[in-house]
Amino acid sequence: MNEWVTVNEPPNVGESASTPTWIFAHGAGADKDHEFMSRVATGLAERGIRVVRFNFPYMIKRSQDGKRRPPDKAATLLASYTQIIEQWADKPVVIGGKSMGGRIASLLAEHPNVRAIACLGFPFHPPGKPDKNKGAHLASITKPCLILQGERDRFGSEDECQHFALSEAIQLHFIPDGDHSFVPRKRSGYRFESNMILVLDQLAQFIWEVYDEK
């Protein structure tokens with residue numbers, strides 16, 4: 001393991017040989033150690049799931065020299081993610097990510113070591129441009145896929161998502177009044193803490209279910 005990979009192990013990992021693993025890729029603007037990423041990883045580990053986080057190449061460079069960079073080209077991101085899958089998956093695992101990381105994971109759905117996909121805040125389109133669909137490939141996914149999306153997500157709101165073609169293998173669940181990171185407005189009556197518990201519970205349930213099916 002290197003410093004660009006972080007693994008959150010569940011407390012009872014030594015007691016079970018069937019511990020589920022979820023590979024969790026970061027979004028375009030924040031690295032694997034961002035508060036959101038760490039919170040999700042810790043919460044899943046508490047629910048018995050191993051979480052593997054890693055930095056894409058452009059984020060490794062940013063951490064080395066402090067210079068902000070745009071994400072790598074898609075081919076580089078896909079190759080980097082594939083390397084992590086092959087390093088950590090001696091048998092099929094669940095992959096996914098936050099925003100861009102989830103989209104890259106979904107493009108690797110047919111990899112033989114991928115059991116299922118779980119995405120948090122899928123970037124269906126750039127903010128304000130719902131006609132620029134970046135999720136057309138989701139119509140042909142055959143493996144189980146979970147997408148947790150904020151109802152107000154600027155990259156694909158609940159109303160906008162009704163118009164996207166999605167495979168029957170995809171479960172699309174909306175988080176109450178959530179934005180791209182599931183944060184609700186104060187006036188909504190919902191709370192971020194409650195939304196995150198909902199996200200973690202649904203995510204853990206999905207991962208455990210796809211592991212139990214095998």
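The values are calculated or read from the model by the stated rules, or taken from the named source; none is laboratory data. Source: prediction; values computed, not measured. Don't worry about glycine lacking a Cβ; one is built from the backbone with ideal geometry, like all the others, and counts go over all protein chains shown.
Would a scan of segment 168-183 turn up a residue that is part of a strand (DSSP E or B), β-branched (Val, Ile, Thr), out of contact with any Cys (no Cβ under 6 Å at 6 or more places or on another chain) and under 21 Å from Ile95 (Cβ atoms)?
Yes, segment 168-183 contains at least one residue that is part of a strand (DSSP E or B), β-branched (Val, Ile, Thr), out of contact with any Cys (no Cβ under 6 Å at 6 or more places or on another chain) and under 21 Å from Ile95 (Cβ atoms).
The set of residues from segment 184-210 being under 16 Å from Gly96 (Cα atoms), aromatic (Phe, Trp, Tyr) and surrounded by fewer than 19 Cβ atoms within 10 Å (Cβ to Cβ) comprises just one member, Trp208. Looking only at residues in segment 83-102 that are among the aliphatic types (A, V, I, L, M) and within 21 Å of Met196 (Cα to Cα), which one is surrounded by the fewest Cβ atoms within 10 Å (Cβ to Cβ)? Step by step, filter segment 83-102, then rank; the result is Met100. Among the residues of segment 46-75, those identified as of a type in the set (A, V, I, L, M), surrounded by 20 or more Cβ atoms within 10 Å (Cβ to Cβ) and either outside any loop (DSSP other than H, G, I, E, B) or at pLDDT below 95 (or both) are Val51, Val52, Met59.
Restricting attention to segment 163-183, the residues being at pLDDT below 95 and surrounded by 15 or more Cβ atoms within 10 Å (Cβ to Cβ) number 1. If you filter segment 111-121 down to residues that are without any contact (Cβ under 8 Å) to a residue 60 or more places away in the chain and touching a Lys or Arg at 6+ places or on another chain (Cβ under 8 Å), you find that the one that is nearest to Asp31 (Cα to Cα) is Cys119. Give the residue that is modelled with the lowest pLDDT, with candidates limited to residues of segment 1-29 that are more than 25 Å from Arg69 (Cα to Cα) and hydroxyl-bearing (Ser, Thr, Tyr). Checking each candidate, the answer is Ser16. Here the condition is being out of contact with any Cys (no Cβ under 6 Å at 6 or more places or on another chain), assigned to a helix (DSSP H, G or I), buried (at least 19 other Cβ atoms within 10 Å of the Cβ) and at pLDDT 95 or above; of Ala105, Ala118, it holds for Ala105 alone.
Pairing residues of segment 185-197 that are over 19 Å from Arg39 (Cα atoms) with residues that are of a type in the set (Phe, Trp, Tyr) and surrounded by fewer than 14 Cβ atoms within 10 Å (Cβ to Cβ), at Cβ distances under 7 Å and at least 6 apart in sequence or on separate chains, gives no pairs at all.
In summary, Asp90 fulfils each of the numbered conditions (1) closer than 24 Å to Trp208 by Cα; (2) modelled with pLDDT of 95 or more with the single exception of condition (2).
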